[in-house]
Amino acid sequence: MTATDRSIELINVAAQAAADKLAHDIIAYDVSDVLSITDAFLLASAPNDRQVKSIVDEIEERLSKDLGVKPVRREGDRDARWILLDYVDIVVHVQHSEERVFYALERLWKDCPELDLPEEAKATRGKGAEHAKGEEAAAAEDIRELGGEVL
């Protein structure tokens, strides 16, 4: 069994919405062969809680406006470290970058086929690592400016 055309349509709209809000490392998996409750997972991340919320809001708005669907469940809003949108056919996970590294959902679903995504979404791969390196360099520069040593 493979993800339905409808699930793939939902994934593509959600992935594009996430990319438009500058999500990092967007990837989707066809989990229909291993789970009976949904067809596909979309994973995305952001470097801060505010951006996680912004990405989730954009995905929700775009799926509602473009395809007329609303999530049956939305979880994780309070902390905005990991927000889940359940659309039955697909489940969207938007995680803070630290949670993304810690929970490593890609490891869990690595045996499932990866779904093709819009080019803008594919272009986000590796952006989380790039952002982390940039943050490290900025912190090191701040320490140097204050007369400290970088270890």
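The set of residues in region 105-122 that are at pLDDT below 95, of a type in the set (A, V, I, L, M, F, W, C) and either farther than 23 Å from Arg6 by Cβ or open to solvent by less than 40 Å² (accessible area, probe 1.4 Å) (or both) comprises Leu105, Leu108. Applying the condition of being part of a loop (DSSP other than H, G, I, E, B) and either touching a residue at least 60 places away in the same chain (Cβ under 8 Å) or touching a helix residue (DSSP H, G or I) at 6+ places or on another chain (Cβ under 8 Å) (or both) to region 114-130 and asking which residue is nearest to Val31 (Cα to Cα) yields Leu115.
Restricting the search to region 5-52, which residues are more than 14 Å from His96 (Cβ to Cβ), polar (S, T, N, Q), modelled with pLDDT of 95 or more and open to solvent by 20 Å² or more (accessible area, probe 1.4 Å)? Selection gives Asn12, Gln16.
Of all residues in region 67-82, those that are of a type in the set (A, V, I, L, M) have Cβ atoms under 8 Å from Cβ atoms of residues that are surrounded by fewer than 11 Cβ atoms within 10 Å (Cβ to Cβ), 6 or more apart or on another chain, in Ala80/Arg50. Scanning region 93-104 for residues that are without any contact (Cβ under 8 Å) to a residue 12 or more places away in the chain and either open to solvent by less than 100 Å² (accessible area, probe 1.4 Å) or hydroxyl-bearing (Ser, Thr, Tyr) (or both) turns up just one, Ala104. Within region 53-76, the set of residues being open to solvent by 60 Å² or more (accessible area, probe 1.4 Å) and of a type in the set (D, E, K, R) comprises Lys53, Asp57, Glu61, Lys65, Asp66, Lys70, Arg73, Arg74, Glu75.
The values are calculated or read from the model by the stated rules, or taken from the named source; none is laboratory data. All of these numbers come straight from a predicted model, not from anything done at the bench. Note that each Cβ is placed from the backbone with ideal geometry, even for glycine, and that neighbours are counted across all protein chains shown. Just so you know, the surface numbers come from the protein's heavy atoms only, side chains and all, with ligands and any DNA or RNA stripped out. Shrake-Rupley method; radii C 1.70, N 1.55, O 1.52, S 1.80 Å.
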